[in-house]
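A short write-up of the structure that comes next.
Nothing in this text is a laboratory measurement; each read-out follows from the coordinates by a stated rule. Not measured: the values here are computed from a predicted model. A quick note on method: Cβ atoms are made from the backbone with ideal geometry, for glycine too, and the neighbour counts reach across all protein chains shown.
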Amino acid sequence: MAEQQEKIFQDKVDHEIRIEPKDWMPDQYRKTLIRQMSQHAHSEIVGMLPEGNWITRAPSLRRKATLIAKVQDEAGHGLYLYSAAETLGISRAEMIDQLHSGKTKYSSIFNYPTLTWADIGAIGWLVDGAAIMNQVPLCRASYGPYARAMIRICKEESFHQRQGFEILLTLSKGSEEQKRMCQDAIDRWWWPAVMMFGPNDESSPHTKQSVAWKIKRFTNDELRQKFIDVCAEQVHILGMKIPDPDLKWNEQTKHYDFGAINWDEFWNVVNGNGPCNKERLAARIKAHEEGAWVREAAIAYAEKKKRKEKVIA
Amino acid sequence: MSNKDWPLWEVFIRSKQGLDHKHAGSLHAADAQMAIENARDVYTRRMEGISIWVVESKYIHASNPAEGSSFYDPANDKAYRHPTFYDLPDELRNM
């Protein structure tokens, strides 16, 4: 029976028929999706912190309005993804608990600090750029609610990357100090952005299954290469340099070759020892705990209103 | 500290006058008014809607996908409900 259901399931996936919440699915498919989607949601939520750091210090009203809109979008993206994940049978409260206890992770990129205004530009260009590279194929993920959430997210994400590039472009045409700031931000964000695609394919044990289930459409290394190829060209418009002496066009592969990735740093940050891991998690937990009375008061108010309506009726 | 979620609501949005409300997604809210306001913030930040419906998810009843083939079976063999079923000469115009 289970074997037959698994075959029907895989047939549907192979024929690009989306899986919907009430359809039969293998336990491991459900688990993989819950892990991936909740991590993705957490990343959107934690991702508000490094950028929120610059809202009060944005250099103009235009930049400030843009940054607020972007951070609000990230909150929205987190909410789309949490509610899509809930269709798999996990509650919102459980997911939040898992974030706070460290049981599920969020993208390591948000464990790096935003030291200058140029970092907001670099995040838009590189971090959102890498995220888009990852997310566009997810719009065709086999799980319907995930794919639909991703379509919404990708539509909104495009402005995020463009506003970031515009910030860097402005700085790149500014004073010597502004140019230095621009290059410094690129220098600090480049490698963490390259690592956002995750471990190399040979050290990514889940990739094969995820590709077979059409949760993933491309491997980590394929997406990483695509990202590097695009950025290696775009950086010329800024007149800046990518901090990789080995970055070089390869006529044979028709791709850019690039230098070795520092995987020790990657695992170190994943395992909680990045520059801001503790600060980020502490900020999330504090916001959640200090907001508890609001959540309780809203429920109490809704219940009181319901009682009054009954009395009148 | 309470860790109970607010009730879950399904959100339906009419994107413009003359079109149907379409399912947009879901969200948590303490009551209907808050659900509508949250839906505005979560699902219509770029003028995607002019009207919002919300309904608590627990009130939605759905057909069972496992029974799909038998449930929709009655319509399966009734090709004569479609206009292409009928053999008519090519010279017949405006029909």
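Sort B:Arg93, A:Arg295 by Cβ crowding within 10 Å, fewest neighbours at the top.
Working: B:Arg93 5, A:Arg295 18.
Ordered from fewest to most neighbouring Cβ atoms within 10 Å, B:Arg93, A:Arg295 come out as B:Arg93, A:Arg295.
With the dipole of segment B:3-60 worked out from charges on the C-beta (+1 for Lys and Arg, -1 for Asp and Glu) around the Cα centre, which of B:Gly18, B:Thr44, B:Tyr59 lies farthest toward the positive end? Projecting each Cα onto the dipole axis, the largest value belongs to B:Gly18. Working from label points 7 Å from Cα in the Cα-to-Cβ sense, the A:Trp249 to A:His100 distance is 5.3 nm.
Please report A:Glu16, B:Glu10 as a ranked list, fewest other C-beta atoms within 10 angstrom at the top and most at the bottom.
Working: A:Glu16 9, B:Glu10 20.
Starting with the residue having the fewest Cβ neighbours, the order is A:Glu16, B:Glu10.
Adding -39500 (n - 2.57) for every DSSP H run of four residues or longer, then dividing by how many residues chain B holds, sets the calculated 222 nm ellipticity at -4500 deg cm²/dmol. The helix-only estimate of mean residue ellipticity at 222 nm for chain A, built from DSSP H runs of length n ≥ 4 each weighted as -39500 (n - 2.57), is -21500 deg cm²/dmol after division by the residue total.
If you filter segment B:1-89 for trypsin sites (Lys or Arg not before Pro), then keep DSSP loop positions with at most 16 other Cβ within 10 Å, what is left? Can you show the working numbers first?
Values: sites: B:Lys4, B:Arg14, B:Lys16, B:Lys22, B:Arg40, B:Arg45, B:Arg46, B:Lys58, B:Lys78, B:Arg81; in loops: B:Lys4, B:Lys16, B:Arg45, B:Arg46, B:Lys78.
Sites meeting the loop and neighbour criteria: B:Lys4, B:Lys16, B:Arg45, B:Arg46, B:Lys78.
If you take the Cα centroid of segment A:233-268 and the Cα centroid of segment B:37-95, the two points sit 49 Å apart. With each label point set 7 Å from Cα along the Cα-Cβ vector, what nm distance links A:Ile312 and B:Glu37? The modelled label-to-label distance comes out at 1.8 nm. For a Förster distance of 56 Å, can you work out the FRET efficiency between the beta-carbons of B:Ala62 and B:Glu91, rounded to the nearest 0.05? Given R0 = 56 Å and the Cβ-Cβ separation, E is 0.70. Among B:Ser69, A:Ser83, sorting on how many other beta-carbon atoms sit within 10 Å of each Cβ, with the fewest leading, yields B:Ser69, A:Ser83.
When restricted to Cα atoms, the protein assembly as shown yields an Rg and a Dmax of 24.6, 79 Å, respectively.
Spin-label model, B:Glu48 to A:Arg30: label points 7 Å out along the Cα-to-beta-carbon direction sit 2.7 nm apart.
When the GluC sites (Glu not before Pro) in segment A:189-298 are filtered for DSSP coil states and for at most 12 other beta-carbon atoms within 10 Å of their beta-carbon, the remaining sites are A:Glu251. Take every Cα pair under 8 Å whose residues are at least 6 apart in sequence, average their separation, divide by the length of chain A, and the relative contact order is 18 percent. Computed over every Cα-Cα pair of segment B:3-60 and binned at 10 Å starting from 0, the pair-distance distribution P(r) comes out as 26, 54, 18, 2, 0 percent.
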